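Just below is one structure, and these are the notes that go with it.
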Amino acid sequence: MLEEKNQFILSITPLIRIPLVRDQFFFYLADEKLPTGTLVSIPLFKKKVEGIVIESKNDFSRIGGMTLKKIEKVLEKNFLTKDQLTLAKYISDYYIISLGVVLKNFVPKRIDSHYIKQDIKNEPRKINSEKKIILTDEQNSSVKIIIKKNADKFLLFGPAGSGKTEVYIHSILELKKQNLKSQFLILVPEKTLTPQALERYGAYFPEKEIVLMSSNLSKGAYFANWQSIKSGEAKIIIGTRMAVFAPFRKLALIVIDEEQDVSFKQWEMNPRYDARVASEKLSELHECGLIRGSATPSVESYFKTKDNQYTLLTLSNSYSPKSKAKVHSTIELVDMKKERWTHNYSCISKKLKNEIAYALKNNLQTILFINRQGMSNFSVCNDCKTVLKCPNCDRALIFVNSGEYKCPHCKFIASVIPSCSKCQGIEFKNIGLGTQKVEKEVRDLFPGARILRLDSSGVNEKNFQKRAYEEFSRGLIDILIGTQMITKGWDLPRMALASVIDADNMLTLPDFRVGEKAWQDLIQLSGRVSRPGAKFPGRVIIQTYHPENKIFALVNQNDYQNFYDQELPDRQILRYPPFGKIAKLVFEDYNQKKVAKETERLYNFLTAENADFKINAVADCFIPKVRGKYRKQLILKYNNKLPKTILDILRSLPTGWIIDIDPISII
């Protein structure tokens, strides 16, 4: 009788959040057997939602005459590949997040083909025609090892100018000869690095084989590129962290450039995945090689080479393939206390002012790094010295050059004339530095200079980072001012001067990675002006009120092994990565008492468990109130895996809890 009905039961995961305490799929009926990965429309409660078919089987007798709903519509068969489903399940399990939420990231917005053609017409790409580079012996050796062990994992360690990108490209060229259908994934941490990546890879591969996967693409262009990857037409896939979700046919190599960068981790929303972890799973699924490349590798990555999980490939200290001449930069500390003694109250020291003037005179380029946006860090009431804060977040408002006070978290903008919450005063003093204030001072000092500010307030504009890179690389910009995104990746021969305007600001956070992060940013910045074939040796000016800090001596030595050896003992004592793993549990709610009660409840529940892990006491988050919600956190330290009893507890947490596995910080 069932065969006459010719119906099938489908296990479908809706693309929504499902509580982890229950199965991550629902059963539906269909008139045909649908392949795994099919995209369908289904009724769920009173809504219609999209879902992915996980399994399809013949109908069977159901206990108690249970009735099932039918699917609404088949949107596309075989929409997701089996490898994508396996990766999604892995991310769901590893980061303790609903499978439907993860799968939603794998499903792009489907656009009609007519609109796609109209959309991608406006995305022209300039392909670089520069002369192909002849590899050094070191580069050739690295390429040969990568090809020979093409299913292994590697850490390619070499300073700026040592030719890591050439190793990536020539490894791809060799692997492509072995199988013309192979695909290659190149991950970069920032959207600002994609224009240069497109230019470099465009010098070696046909334009039709290269696609970009990044959030700055229009929906039509993104879907067109997604389809090109799925069809196999796209061979070179360049993208930010979201590119790991693409429907690859057969990957032959994965490259993670600037692997130390925290931007590979999504930490502001679910799923809080790390593209580096996802890439390791991808390399296993496709049985392909994985290269992490960096001039300043993370402590965890370098530790993996000592633990024989990765093969270490080293490029020496910046030798030019043609001249063999050593490339270097001079690093100089400027004590800003002495600047104040000489009555210089500008954020630009006399030394830096002279160096900028010299660079401008010789038609050289300068980059100025500041770790904050806006005109100031915070503002205080002139009368009672109370900090002007956002009413929705426990966060100081920053003053911007439009004359407004803004919150960097919820985008709240104060009234035209804000008042002090304590004494109702209306006059405020702006304290500290931001990118906009630095820009204003530099424009006042050098009115004839061509200046561009590059921070996250501008990169959301369409093609902003592409225009910025093109203008800077063509010499149309003299001075680039920006946040962290300018410290890495941009390798241009006329960049001769780099400066950290306020280095102390990089060392103030109470986090175990703060020294590592500062060291990496400073070395990366130095690398931007240590270029092969440069007419002038690069100069780096670090402005600080605390020149005695040991991190500056380590930067001046540019000795990674020394830095690593000093960093490791403290981590081992405190069981921080790489000697253990961390889970950050954050509870947020509009009710402050509920937050305190719920976090204490979980803390007591977890400490009662006799399991191999450590838990810190309940603490306020570094920013204890965001968008009107109060926040407290717990930090769990464990070995490679959370004990099953703890996992079961975490999976049953109510709404309001945020689970962050391998967080970028513990504050």
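When the pairs Lys265/Lys466; Lys350/Lys411; Lys550/Lys614; Lys191/Lys429; Lys191/Lys641; Lys73/Lys219 are compared against a 25 Å limit on Cα-Cα distance, Lys350/Lys411; Lys550/Lys614; Lys191/Lys429; Lys191/Lys641 fall above it. Whole-Hz Karplus values for the stretch 137-148 come out as 4, 4, 5, 4, 4, 5, 4, 4, 5, 4, 5, 5 Hz, taken residue by residue from phi with 6.51 cos²θ - 1.76 cosθ + 1.60 and θ = phi - 60°; glycine and proline positions read x. The alpha-carbon of Lys153 sits under 19 angstrom from the alpha-carbons of these lysines, leaving out residues fewer than 8 places away in its chain: Lys144, Lys164, Lys176, Lys250, Lys281, Lys304, Lys306. Qualifying GluC sites (Glu not before Pro) in the stretch 193-277, where qualification requires a DSSP coil assignment and no more than 16 other C-beta atoms within 10 Å, comprise Glu233, Glu268.
The C-alpha atoms of the chain define a longest principal axis, and helix 560-574 lies at about 60 degrees to it. In plain terms, the chain from His343 to Gln561 could stretch by 74.5 nm, reckoned as 0.36 nm per residue minus the Cα-Cα distance. Counting only lysines at least 8 places from Lys353 when in the same chain, those with an alpha carbon closer than 17 Å to its own are Lys337, Lys338, Lys361, Lys437, Lys440. Potential lengthening of the chain between Asn308 and Glu32 amounts to 94.4 nm, from the contour at 0.36 nm per residue minus the alpha-carbon distance. Can you tell me the FRET efficiency between Glu404 and Ile649 if r is taken as the Cβ-Cβ distance and R0 is 45 Å, rounded to the nearest 0.05? It comes out at approximately 0.50.
Please give me the summed charge of the neighbours of Val400: other residues whose Cβ is under 14 Å from its Cβ, Lys and Arg +1, Asp and Glu -1.
Numbers: positive: Arg372, Lys406, Lys411, Lys437, Lys440, Arg453; negative: Glu404, Glu439, Asp455.
Result for the neighbourhood of Val400: +3.
A simple spin-label model places the labels of Glu207 and Asp23 5.1 nm from each other, with each point 7 Å out along Cα-to-Cβ. Under 15 Å between alpha carbons, and skipping anything fewer than 8 positions from Lys632 in its own chain: which aspartates and glutamates qualify? Those aspartates and glutamates meeting the cut-off are Asp394, Glu588, Asp589, Glu598, Glu600, Asp620, Asp660.
For Lys581, the residues 5 or more places off, or on other chains, whose built amide H falls under 5 Å of its own are Tyr638, Asn639.
Normalised by the number of residues in the chain, what is the relative contact order in percent for Cα pairs under 8 Å and 6+ residues apart?
Details: 1306 pairs, mean separation 80.8, N = 667.
Taking the mean separation of contacting Cα pairs over the length of the chain, I get 12 percent.
Axis of helix 464-473 versus longest Cα principal axis of the chain: the two differ by about 40°, to the nearest ten degrees. How far is helix 592-607 tilted off the main Cα axis of the chain, in degrees rounded to 10, range 0 to 90? Once rounded, one gets 70 degrees.
A short reminder: the numbers here are calculations on the coordinates, not readings from a lab. Everything numeric here is computed off the predicted structure, so don't read it as measured data. All Cβ positions, even for glycine, are placed from backbone atoms using ideal geometry, and neighbour counts span all protein chains on display.
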